[in-house]
Every structure is written in structure tokens, then in C-alpha cells.
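The values are calculated or read from the model by the stated rules, or taken from the named source; none is laboratory data. Bear in mind that the values here come from a model prediction, so they are computed numbers and not experimental data. Virtual Cβ from ideal backbone geometry, glycine too; neighbours counted across all protein chains shown.
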Amino acid sequence: MAKTKYGKYIITEAKLPQVRPPSPPPPGEPRERTGEIVVLVDDKVIKGAFYLNCALIWKASDRGSPGGSHTHDWDEYIGFIGSNPSDPHDLCAEVEMWLGDEKHVLTKSCAVFVPKGLLHCPVVFKRVDRPIFYFSTGPRTVYNKEQK
């Protein structure tokens, strides 16, 4: 992006944080790539910005989202948008998402509001016929969670 007064607010790449691998490494095969984070913004990218994570999911996987069930001390939005230009409400996928002790099967483009303290996840992409735009955001400058 050109050096302009407001160009710093346009983020085109995900600058992922360096994460130490768990010790010892998890058992089983290495995780298969089923999607990619495209944009990740937080206080480390733009001082004072709240976090926004955007990814493109192109393949189903029954391994679920990394990290398992967790809560936050803040509200969060998690979104799933289909890529069918003839019917943008069709997710063209089947996504399993847990909220509390309830399993929800998502087949329509949607935003999920997760109130602070609500146990949520895993998210499992059971079927993906076309790429899905996935996002999560909340009023926090850095993403954090409490594992359950």
C-alpha cells in the first residue's frame, strides 16, 4: 500500500504471530491445510485496533478448530459466508459449531454472536463444496481465550 496518511489502515496480508510449538508435539499426523488466514489485524499491526481474523476455507476436515472449546471475557462475532454468486445465502458447506452444550449445523451464510463467557467451539468443516469466507472479531486489541 502506498505511503499515505490513511494507507496504514488498509491491511492486505496476515502477519501471523510467532507461536511456539506445544511440548511435546501432539500425537498423530500433521494437520492438513484446509484453509488459510488472509487478513489478521490487532494492536500489533495497527496500534489500538481491535482484532479481526479473516480466512478462506476450501476443504472439509473432521479435526475441528485448533484449541478446542474455550470462553472469552469479551463478546465475539464468528462469521461464515458462502461463495455461490447465484445464492450468497447458501454456505455450500456443512459446518458444525458448538455453543455451550449445543451442536449447531450451519448450512447458510451467517454471523454467530458469542456473548462473553459462553463456551464455544470446536468448529468442524464437515463438507465444503465451494470456498467459505470465515471471520472472527471482537472488541479486544489482542485475541485471547480461556481453554476449557
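Output yes when any residue across segment 104-116 is at pLDDT below 95 and in contact with a Cys (Cβ under 7 Å, 6 or more places away or on another chain), and no when none is.
The answer is no, given that none of the residues of segment 104-116 is at pLDDT below 95 and in contact with a Cys (Cβ under 7 Å, 6 or more places away or on another chain).
Tell me which residues, restricted to segment 80-129, are of a type in the set (Ser, Thr, Tyr) and in a loop (DSSP other than H, G, I, E, B).
So in segment 80-129, the residues of a type in the set (Ser, Thr, Tyr) come out as 83, 86, 107, 109.
83, 86, 109 - these are the residues of segment 80-129 that are of a type in the set (Ser, Thr, Tyr) and in a loop (DSSP other than H, G, I, E, B).
Go through (1) within 30 Å of residue 102 (Cα to Cα); (2) loosely packed, with under 12 Cβ neighbours inside 10 Å; (3) modelled with pLDDT of 60 or more; (4) over 14 Å from the mean Cα position of the chain (by Cα) one by one and return the number of the condition residue 63 breaks.
Here residue 63 clears every test but (2).
Quick one: residue 83 ticks every box in (1) modelled with pLDDT of 95 or more; (2) hydroxyl-bearing (Ser, Thr, Tyr); (3) more than 18 Å from residue 55 (Cβ to Cβ) bar one, so which box is it?
(3)
Could you list, in sequence order, all residues of segment 43-71 that are touching a Lys or Arg at 6+ places or on another chain (Cβ under 6 Å), of a type outside the set (A, V, I, L, M) and farther than 15 Å from residue 135 by Cβ?
69, 70
Would you mind finding the one in 143, 134, 77 that is buried (at least 16 other Cβ atoms within 10 Å of the Cβ) and either outside any loop (DSSP other than H, G, I, E, B) or free of Cβ contacts under 8 Å to residues at least 24 places away in the same chain (or both)?
Values: 143 fails: either outside any loop (DSSP other than H, G, I, E, B) or free of Cβ contacts under 8 Å to residues at least 24 places away in the same chain (or both); 77 fails: buried (at least 16 other Cβ atoms within 10 Å of the Cβ).
Selected residue: 134, the only one of 143, 134, 77 that is buried (at least 16 other Cβ atoms within 10 Å of the Cβ) and either outside any loop (DSSP other than H, G, I, E, B) or free of Cβ contacts under 8 Å to residues at least 24 places away in the same chain (or both).
Which one of these does residue 53 not meet: (1) touching a Phe, Trp or Tyr at 6+ places or on another chain (Cβ under 9 Å); (2) closer than 28 Å to residue 139 by Cα; (3) at pLDDT 90 or above; (4) loosely packed, with under 14 Cβ neighbours inside 10 Å?
(4)
Name every residue in segment 82-95 that is surrounded by fewer than 16 Cβ atoms within 10 Å (Cβ to Cβ) and touching a strand residue (DSSP E or B) at 6+ places or on another chain (Cβ under 9 Å), in order of residue number. Write out each step before concluding.
Quick first cut of segment 82-95, residues surrounded by fewer than 16 Cβ atoms within 10 Å (Cβ to Cβ) only: 84-90, 94.
The answer is 84, 88, 89, 90, 94.
Here are some conditions: (1) surrounded by 10 or more Cβ atoms within 10 Å (Cβ to Cβ); (2) basic (Lys, Arg); (3) modelled with pLDDT under 90. Residue 33 meets all but one. Which one does it not meet?
(1)
Residue-by-condition table, conditions (1) polar (S, T, N, Q); (2) under 12 Å from the mean Cα position of the chain (by Cα):
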position	(1), (2)
69	yes, no
76	no, yes
110	no, no
120	no, no
